[in-house]
2 protein chains.
Amino acid sequence: MKNILTLVFNYSALRKHLPPIFSQFRFSHSDNLPQWGSNKTHRKIKIPNPHREIIMADPKIEEILAPLRACVKEQGDLVRKLKEEKAPEIDIKKAVAELKNRKKILEDKELSLSPAEELFDRSKMEDLIKRRFFYDQSFAIYGGITGQFDFGPMGCALKSNMIQLWRKYFILQEQMLEVDCSILTPEPVLKASGHVERFADLMTKDIKTGECFRLDHLIKAHLEKIKSEKNTAAELKAEIEDILVKLDGMNADEMSALMKRFDMKSPISGNELTAPIEFNLMFNTQIGPSGLVKGFLRPETAQGIFVNFKRLLEFNQGRLPFAAAQIGNSFRNEISPRSGLLRVREFTMCEIEHFCDTKDHPKFESIKDTQMLFYSADSQEQGRPAEILTIGEAVARGTVNNETLGYFMARIHLYMLAVGIDPKKLRFRQHMGNEMAHYACDCWDAECLSSYGWVECVGCADRSAYDLTQHTKATGTRLAAEKKLPAPKQIEVVEAIPNKAAIGKEFKKDAKVINDALASMDSTALEQLQEKLENDGEFALNTPNGDFKLTPKLVSVKKTQKTIHVEEIIPSVIEPSFGVGRILYCILEHNFKMREGDEQRTYFSLPATVAPMKCAVLPLSGNVEFQPFVRELSQELTNVDVSHKVDDSSGSIGRRYARTDELGVPYAITVDFDTMKEPHTVTLRERDSMGQIRLPLQEVPTVVRDLANSKISWADAEAKYPKFEQQENVKGVAA
Amino acid sequence: MKNILTLVFNYSALRKHLPPIFSQFRFSHSDNLPQWGSNKTHRKIKIPNPHREIIMADPKIEEILAPLRACVKEQGDLVRKLKEEKAPEIDIKKAVAELKNRKKILEDKELSLSPAEELFDRSKMEDLIKRRFFYDQSFAIYGGITGQFDFGPMGCALKSNMIQLWRKYFILQEQMLEVDCSILTPEPVLKASGHVERFADLMTKDIKTGECFRLDHLIKAHLEKIKSEKNTAAELKAEIEDILVKLDGMNADEMSALMKRFDMKSPISGNELTAPIEFNLMFNTQIGPSGLVKGFLRPETAQGIFVNFKRLLEFNQGRLPFAAAQIGNSFRNEISPRSGLLRVREFTMCEIEHFCDTKDHPKFESIKDTQMLFYSADSQEQGRPAEILTIGEAVARGTVNNETLGYFMARIHLYMLAVGIDPKKLRFRQHMGNEMAHYACDCWDAECLSSYGWVECVGCADRSAYDLTQHTKATGTRLAAEKKLPAPKQIEVVEAIPNKAAIGKEFKKDAKVINDALASMDSTALEQLQEKLENDGEFALNTPNGDFKLTPKLVSVKKTQKTIHVEEIIPSVIEPSFGVGRILYCILEHNFKMREGDEQRTYFSLPATVAPMKCAVLPLSGNVEFQPFVRELSQELTNVDVSHKVDDSSGSIGRRYARTDELGVPYAITVDFDTMKEPHTVTLRERDSMGQIRLPLQEVPTVVRDLANSKISWADAEAKYPKFEQQENVKGVAA
């Protein structure tokens, strides 16, 4: 069971081939997880409560953990020391690998000792998800495709409510600029961003069946098996350990050599395997009929924002900071999708790119007291547990780098709670030095604890000026903003002044290339030019058409003073990036409940804000006299924008309550024989408490609306209206 | 200018390669339209008012049109007669082509004579759309890709508001089952639906430049040119006419022969052209790393609903009718995208599939008095203009086939008006017999009049049981519903009873195939089997493994009586299908206005429901004392969910009003020096009338909310609060 609750992510395996920008929230995720629907191994999983207070509360537990913590700290200190001493990379890598091992042992122990909150039965939840069509495998009648899911009415409504709330929380409240960009992306864009070259994994194929394997996973599994065998010589074991440490940095040839040396075959069929194949994770296609424009399905929505930077800046009247946001689908051709919604080939993202020149934030004050669980890089390296701080403290202490990053982290935290994530199962984990991109000041993932372990759901990272710089280089269009200087500044401008007429005469058709080369010289080159002209009387200019000898007659260097009022800056980018499907899955897990004493009666305790429907309308029986009341009620609910479902199917009222519970519907209105009498009244039932009240028919639509919008609480409603006492038949009513 | 205002669509050109299901709303559209941003030819376009009353009001106009109407009617009658007489297909085709010509002449004349409502300047509107980044070409800094557009903040908000209203109008109010299915679709699904085989156009390439041309367009243009030349012999002209009529039905070989015979070259470079190439309009890719699973980007969202039919039916507790809906992107690799948003490669659709067994509709009564403009097939064939009827009359008369279709048409009509389509520029055009798929009972497109002519924006068609039947055939999964019979029914069941032991013994490994073949025999086949066994004492059974001789010892035929309570039916499908981008474009055209007397001051008169923002907040000047009021106001507007923008940039208040007008923002609140005094008041301005009122600061957020939600009208607000009189500087303030 331990491998399910692992807290250590195999980031490095995914990251090695990726450029810096992918080292953040890239849906990397613990591997070796079961496929959707294969429930065999995980009947019931203990979900521990990881909060520090609880762990710290028991001195006995801390006693057990103390030596393990010391052990991590010792190794963390060693890694630090090696880095400071600029020790050979292989030594650092080895030390980091050992640090990770020790961290894993500590965290596994920590989880195993913390008091279990509940037993979670994933197969039961998956059964409910399929049976009530929250989502299910796409194209199932055609045999299905792994890594693709269709959302049914309930999953779709949940997803759409999550997105609507996201739009309100971020776009409307922060007045962000929402864009909606193309999914099909031509190759040059993704070449500039680094995706074409490096968004790839090495794989190998079974030469007979064509089955594909991720090569690093295959080698690792193969070598670990040899290492674990009794009769393996100690020498070989040590060598294998060495190889495993180096594996992350190996290229295709090195891996190929390993495959040959250890005679690796398909672990499934035993067949021969192909040589390593570089496999890009982007889906490719051709745009237009000519076959000349190669394109990809975007692997993230962010690039659409970057290529529109100029238009957005202009829309914002040239001013920084501003944030742009995009909600949309992205695509990754995973070699082996798994774990249901957690690793898929097609997924919805909500991404924000906040462009700024300073990192303080005007609204930081408003959220500074938000309490969150932080698992800093330092804590991870020093064997300390995650700790609860206010975001204000975290920024003041320097745990979180700056206010802007902190502001977004707090807003992410609040959003996650609003959609139904259990605050006890939400933490912000900082990337450690060895997993963070070289440019990043700071980088935090919002992780949710699930039966698959901690799952990255939102990444919040500083992308610096990387993307804008890359697209500027590729297109020649300067993606930069102008910033007014506090005071005008005198600067010295150095330029080469070509004698165009003379150059034209002497070099004819090469004149343009020469003039272009002169115009693009930077200050160092210009100094050289001046020096050579003065001292040697000539300068050899390097151009794409070859070298050309220039004399003082042909070119001179001029220095002038210039007053500037603005400076050009390429803004930094803070990127909060939400994986909607992953959050949705965690919401479902965190809200999956069983009625006490009846394991068969499961339900989703979803907050009304995101619940697929706010309300069910249930006529007690098929009596035709109920119909006009039901119809009118439905109309009135529609008028006040309360999404609802009339369930007039046969089946006892208890059975129908159970069904609405399964759908996560928070309220149910029952029309019965008393409704017909004047004054017309109905019963209103709340899902979680199963409490019922009796209230006038004409008041119920607005009461449900106010409950659903959190304008009033269920306690308020219970205080106002009389309780309705009638035992629900809670036993054996699940349909 | 006539070709812009054409009312005749070149449907046949698109349709010829398509299976019946594509003959409806398939984004076919008048061709030969200019590219995005090429404004040269269309500086100003007269948009006529096409309504019948106006046309009919002037007897002089009717006098001119009368002979043209008679001319159409004569030909329409001829077509009808030929069809009744089952004349040779070529004769019918010729007659239809002539009918279309006559129809076009009539409609062009009709438009040219109808009183012009306004002058529309498309280049001015496109300039505004780009300048304020409603939308613009994707990847422009990389040179751009035709047929792909990015929506900026204003376009995106408009689109998202349109979709949100659509969800409310259709999904919530009609309690439809919304789904969200995969875009990547494996080949077998689209083979079954007919897309792989027939969703294709023939094209030809310039052998040197690689430029592609749609072959039918190329041939048509080439032959029409020859036909129009003075020195072309009358005989050849007649022959060309004949060819043009047949062109629609020609295959690749026939077209190739024409290319050779008339020595066709690239019309652009004069280079040689390749032989005809069949080009499928779907984008293809591989799903997964093995390259074995061929997939496409879906060309419509509908198939995702059909393949989930069983799950949806079950979700609806097995009952009919029900409707499923999907909002999402679809993709078509157009050979030559054009006309801005009207023909693109990537587009958002909102599709409904209403599954039903009867065509009456319980809510028809509620919309039966909706007045709409109908252009029936009959009117088109008889040269009559479109006419205004209530949908109740249209169904009663049989103009519209049934209540369900009528109900959806009326709901479409109401939705279109709610999002800002001009009712005078909206009509429902029925497909004519020759453009309608053979199965369809009825098929209507909601068309909007634009400077590109009438544009199909919503299709509303009966797809019958086509798709469910196709997927049933392909998968063996029966996509059918069970319907309770009014009374139990006795039926005779005939089946083949194999003697499995004997068959196994005699045929060994072929036994299974034989048993399967016997089990799948229909009643006719079973009758034959029985007859042969009785008369000849043997029967030759045809199977995939060959023929096998069966004797009465091996198989018998049994008839039994069975009482059934339900019957299996494959439901009919009514499909309203909305092209969001096309509607959005038409909304922009219909709401593009100029201030009287100032052509430079253009704006979008968008309804508040869909306007990108409901309100602007404008501090009169940069005075710091305004800031707390602005901040508080913005917070209060956020609290009541009013999307807004604070514009505290420099520039006169008039210039900033002009800017908010350009963005289509309906209301603007100005904070000025009087705001600072107690009681605090602000100015509220309405965009279209430019009227201003003065009201208390704390009342303004709810007043704007109620205005934006149409709970109160501007007249109500003007009646309640004092008018604020201050001349707007309307001249020359556009930024």
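Which residue is nearest to the other protein chains (Cβ to nearest Cβ), if the candidates are limited to segment A:138-175 and must be among the polar types (S, T, N, Q) and within 19 Å of the chain's Cα centre (by Cα)? Steps first, answer last, please.
Looking only at segment A:138-175, we keep the residues that are among the polar types (S, T, N, Q), and these are A:138, A:146, A:148, A:160-161, A:164, A:173, A:175.
Those still in the list that are within 19 Å of the chain's Cα centre (by Cα) too: A:148, A:160-161, A:164.
Working: A:GLN148: 4, A:SER160: 7, A:ASN161: 11, A:GLN164: 8 Å.
The residue in question is A:GLN148.
Across segment A:476-498, what is the number of residues that are of a type in the set (D, E, K, R), within 30 Å of B:TYR142 (Cα to Cα) and part of a strand (DSSP E or B)?
At the first step, the residues of segment A:476-498 found to be of a type in the set (D, E, K, R) are A:478, A:482-484, A:489, A:492, A:495.
Imposing the further condition that a residue be within 30 Å of B:TYR142 (Cα to Cα) reduces the set to A:478, A:482-484, A:495.
Then drop every residue that is not part of a strand (DSSP E or B), which leaves A:482-484, A:495.
Of the residues in segment A:476-498, 4 are of a type in the set (D, E, K, R), within 30 Å of B:TYR142 (Cα to Cα) and part of a strand (DSSP E or B).
Can you tell which of A:LEU320, A:LEU341, A:LEU313 is surrounded by fewer than 20 Cβ atoms within 10 Å (Cβ to Cβ) and either more than 9 Å from chain B (Cβ to nearest Cβ) or outside any strand (DSSP E or B) (or both)?
Values: A:LEU341 fails: surrounded by fewer than 20 Cβ atoms within 10 Å (Cβ to Cβ); A:LEU313 fails: surrounded by fewer than 20 Cβ atoms within 10 Å (Cβ to Cβ).
Only one candidate qualifies: A:LEU320.
Conditions: (1) in contact (Cβ under 8 Å) with a residue 24 or more places away in the chain; (2) within 30 Å of A:LEU258 (Cβ to Cβ); (3) within 9 Å of chain B (Cβ to nearest Cβ). A:ALA200 meets all but one. Number of the miss?
Answer for A:ALA200: the failing condition is (3).
A:ARG411: basic (Lys, Arg) and buried (at least 20 other Cβ atoms within 10 Å of the Cβ), yes or no? Reasoning before the result, please.
Details: basic (Lys, Arg): yes; buried (at least 20 other Cβ atoms within 10 Å of the Cβ): yes.
The answer is yes for A:ARG411.
How many of the residues in segment B:273-288 are under 26 Å from the mean Cα position of the chain (by Cα) and at the interface with chain A (Cβ under 8 Å from one of its Cβ atoms)? Walk me through it before giving the result.
From segment B:273-288, those under 26 Å from the mean Cα position of the chain (by Cα) are B:278-285; that's our starting set.
Filter once more, keeping what is at the interface with chain A (Cβ under 8 Å from one of its Cβ atoms): B:279, B:283-285.
Count: 4.
Kindly provide the set of residues from segment A:636-656 that are within 11 Å of chain B (Cβ to nearest Cβ) and part of a loop (DSSP other than H, G, I, E, B), ordered by number.
Within segment A:636-656, A:ASP641, A:VAL642, A:SER643, A:ASP647, A:ASP648, A:SER649, A:SER650, A:GLY651 meet the criteria.
Examine segment A:217-236 for a residue that is hydrophobic (A, V, I, L, M, F, W, C) and within 14 Å of chain B (Cβ to nearest Cβ), and state whether such a residue exists. Don't jump to the end; show me each part of the working.
The initial filter retains those residues of segment A:217-236 that are hydrophobic (A, V, I, L, M, F, W, C), namely A:218-219, A:221, A:223, A:226, A:233-234, A:236.
Checking the rest, the ones that are also within 14 Å of chain B (Cβ to nearest Cβ) come to A:218.
Scanning segment A:217-236, I find at least one residue that is hydrophobic (A, V, I, L, M, F, W, C) and within 14 Å of chain B (Cβ to nearest Cβ), so the answer is yes.
What about A:GLY194, is it within 10 Å of chain B (Cβ to nearest Cβ) and of a type in the set (Gly, Ala, Ser)? Reasoning before the result, please.
On the way: within 10 Å of chain B (Cβ to nearest Cβ): no; of a type in the set (Gly, Ala, Ser): yes.
Considered against the rule, which asks whether it is within 10 Å of chain B (Cβ to nearest Cβ) and of a type in the set (Gly, Ala, Ser), A:GLY194 comes out as no.
Can B:SER123 be described as under 30 Å from B:ASN333 (Cβ atoms), away from chain A (no Cβ under 14 Å) and modelled with pLDDT of 80 or more?
Values: under 30 Å from B:ASN333 (Cβ atoms): yes; away from chain A (no Cβ under 14 Å): yes; modelled with pLDDT of 80 or more: yes.
So B:SER123 fits the description; yes.
Do you know which residues across segment B:113-134 are within 21 Å of B:LEU449 (Cβ to Cβ), more than 26 Å from the chain's Cα centre (by Cα) and part of a loop (DSSP other than H, G, I, E, B)?
B:SER114, B:PRO115
Go through (1) within 14 Å of chain B (Cβ to nearest Cβ); (2) more than 20 Å from the chain's Cα centre (by Cα) for A:GLU110 and report which single condition fails.
In the conditions (1) within 14 Å of chain B (Cβ to nearest Cβ); (2) more than 20 Å from the chain's Cα centre (by Cα), A:GLU110 misses (1) alone.
Pick from A:TYR657, A:TYR667: which is touching a helix residue (DSSP H, G or I) at 6+ places or on another chain (Cβ under 8 Å) and crowded, with 22+ Cβ neighbours inside 10 Å?
On the way: A:TYR657 fails: touching a helix residue (DSSP H, G or I) at 6+ places or on another chain (Cβ under 8 Å).
Checking each option against the conditions leaves just A:TYR667.
Out of (1) on the phi < 0 side of the Ramachandran plot; (2) out of contact with any Cys (no Cβ under 9 Å at 6 or more places or on another chain), what's the single condition that is false for B:GLY651?
Single failed check for B:GLY651: (1).
Would you check if B:GLY295 is in contact with a Pro (Cβ under 7 Å, 6 or more places away or on another chain), within 14 Å of another protein chain (Cβ to nearest Cβ) and under 30 Å from A:LEU273 (Cβ atoms)?
Details: in contact with a Pro (Cβ under 7 Å, 6 or more places away or on another chain): yes; within 14 Å of another protein chain (Cβ to nearest Cβ): yes; under 30 Å from A:LEU273 (Cβ atoms): yes.
Here the answer is yes, as B:GLY295 does meet what is asked.
Per-residue answers, yes or no, for (1) out of contact with any Cys (no Cβ under 8 Å at 6 or more places or on another chain); (2) among the aliphatic types (A, V, I, L, M); (3) farther than 14 Å from B:TYR667 by Cβ:
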site	(1), (2), (3)
B:HIS590	no, no, yes
B:GLN600	yes, no, yes
B:ALA611	yes, yes, no
B:PHE626	yes, no, yes
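For segment A:331-362, which positions are without any contact (Cβ under 8 Å) to a residue 60 or more places away in the chain and within 20 Å of A:TYR415 (Cβ to Cβ)? Give the steps one after another, and end with the answer.
If we filter segment A:331-362 for residues that are without any contact (Cβ under 8 Å) to a residue 60 or more places away in the chain, which is where we start, we get A:333, A:358, A:360-362.
Once the filter is applied, which keeps residues that are without any contact (Cβ under 8 Å) to a residue 60 or more places away in the chain and within 20 Å of A:TYR415 (Cβ to Cβ), segment A:331-362 yields A:HIS361, A:PRO362.
So is B:ASP674 assigned to a helix (DSSP H, G or I), in contact (Cβ under 8 Å) with a residue 40 or more places away in the chain and not aromatic (Phe, Trp, Tyr) or not? Full working, then the answer.
Working: assigned to a helix (DSSP H, G or I): yes; in contact (Cβ under 8 Å) with a residue 40 or more places away in the chain: no; not aromatic (Phe, Trp, Tyr): yes.
The answer is no for B:ASP674.
I need a count of the residues in segment B:216-261 that are polar (S, T, N, Q) and loosely packed, with under 13 Cβ neighbours inside 10 Å. Steps first, answer last, please.
Step one: filter segment B:216-261 for residues polar (S, T, N, Q), giving B:228, B:231-232, B:251, B:256.
The next check asks that each one be loosely packed, with under 13 Cβ neighbours inside 10 Å; those that pass are B:228, B:231, B:251.
The total comes to 3.
Go through segment A:87-99 and give me each residue that's within 17 Å of A:GLY249 (Cα to Cα) and assigned to a helix (DSSP H, G or I).
A:GLU89, A:ILE90, A:ASP91, A:ILE92, A:LYS93, A:LYS94, A:ALA95, A:VAL96, A:ALA97, A:GLU98
Can you give me the number of residues within segment A:464-514 that are within 14 Å of chain B (Cβ to nearest Cβ) and either without any contact (Cβ under 8 Å) to a residue 12 or more places away in the chain or in contact with a Leu (Cβ under 6 Å, 6 or more places away or on another chain) (or both)? Let's see the steps before the verdict.
As a first pass, look at segment A:464-514 and keep what is within 14 Å of chain B (Cβ to nearest Cβ): A:467-480, A:484.
This time we only want the ones that are either without any contact (Cβ under 8 Å) to a residue 12 or more places away in the chain or in contact with a Leu (Cβ under 6 Å, 6 or more places away or on another chain) (or both), so: A:468, A:471-472, A:476, A:479.
Count: 5.
Could you check, for segment B:350-361, whether at least one of its residues is touching a Phe, Trp or Tyr at 6+ places or on another chain (Cβ under 7 Å), in a loop (DSSP other than H, G, I, E, B) and away from chain A (no Cβ under 14 Å)?
Yes, because at least one residue in segment B:350-361 is touching a Phe, Trp or Tyr at 6+ places or on another chain (Cβ under 7 Å), in a loop (DSSP other than H, G, I, E, B) and away from chain A (no Cβ under 14 Å).
Give me the pairs: first residue in segment B:518-539 and over 15 Å from B:PRO498 (Cβ atoms), second residue among the aromatic types (Phe, Trp, Tyr), beta-carbon distance under 6 Å, and six or more apart or on different chains, which are they?
Partner pairs satisfying both residue conditions: B:LYS532/B:PHE539.
Please find, among B:ILE305, B:ILE327, the residue that is outside any helix (DSSP H, G or I), at negative phi and of a type in the set (Val, Ile, Thr). Lay out the reasoning, then the answer.
Values: B:ILE305 fails: outside any helix (DSSP H, G or I).
After ruling out the rest, the residue left standing is B:ILE327.
Identify, by number, the condition in (1) at positive phi; (2) touching a residue at least 60 places away in the same chain (Cβ under 8 Å); (3) surrounded by fewer than 23 Cβ atoms within 10 Å (Cβ to Cβ); (4) not acidic (Asp, Glu) that A:GLY147 doesn't meet.
(3)
Would segment A:365-373 turn up any residue that is within 17 Å of A:PRO423 (Cα to Cα) and in contact (Cβ under 8 Å) with a residue 60 or more places away in the chain?
Yes, segment A:365-373 contains a residue that is within 17 Å of A:PRO423 (Cα to Cα) and in contact (Cβ under 8 Å) with a residue 60 or more places away in the chain.
Regarding segment B:549-565, can at least one residue be identified that is surrounded by 11 or more Cβ atoms within 10 Å (Cβ to Cβ), in contact (Cβ under 8 Å) with a residue 60 or more places away in the chain, hydroxyl-bearing (Ser, Thr, Tyr) and touching a helix residue (DSSP H, G or I) at 6+ places or on another chain (Cβ under 9 Å)?
yes
Can you name the number of the only condition in (1) touching a helix residue (DSSP H, G or I) at 6+ places or on another chain (Cβ under 8 Å); (2) at pLDDT 95 or above; (3) over 30 Å from A:LYS124 (Cβ atoms) that A:GLU625 fails?
A:GLU625 satisfies every listed condition except (2).
Quick one: count up the residues across segment A:483-515 that are among the charged types (D, E, K, R) and either surrounded by 16 or more Cβ atoms within 10 Å (Cβ to Cβ) or within 44 Å of the chain's Cα centre (by Cα) (or both).
Quick first cut of segment A:483-515, residues among the charged types (D, E, K, R) only: A:483-484, A:489, A:492, A:495, A:500, A:505-506, A:508-510, A:512.
Now narrow it down to the ones that are either surrounded by 16 or more Cβ atoms within 10 Å (Cβ to Cβ) or within 44 Å of the chain's Cα centre (by Cα) (or both): A:483-484, A:489, A:506, A:510.
Residues flagged as among the charged types (D, E, K, R) and either surrounded by 16 or more Cβ atoms within 10 Å (Cβ to Cβ) or within 44 Å of the chain's Cα centre (by Cα) (or both) within segment A:483-515 amount to 5.
The values are calculated or read from the model by the stated rules, or taken from the named source; none is laboratory data. These numbers come from a predicted model, not from an experiment. Here the Cβ is made from the backbone with ideal geometry for all residues, glycine too, and neighbour counts use every protein chain on show.
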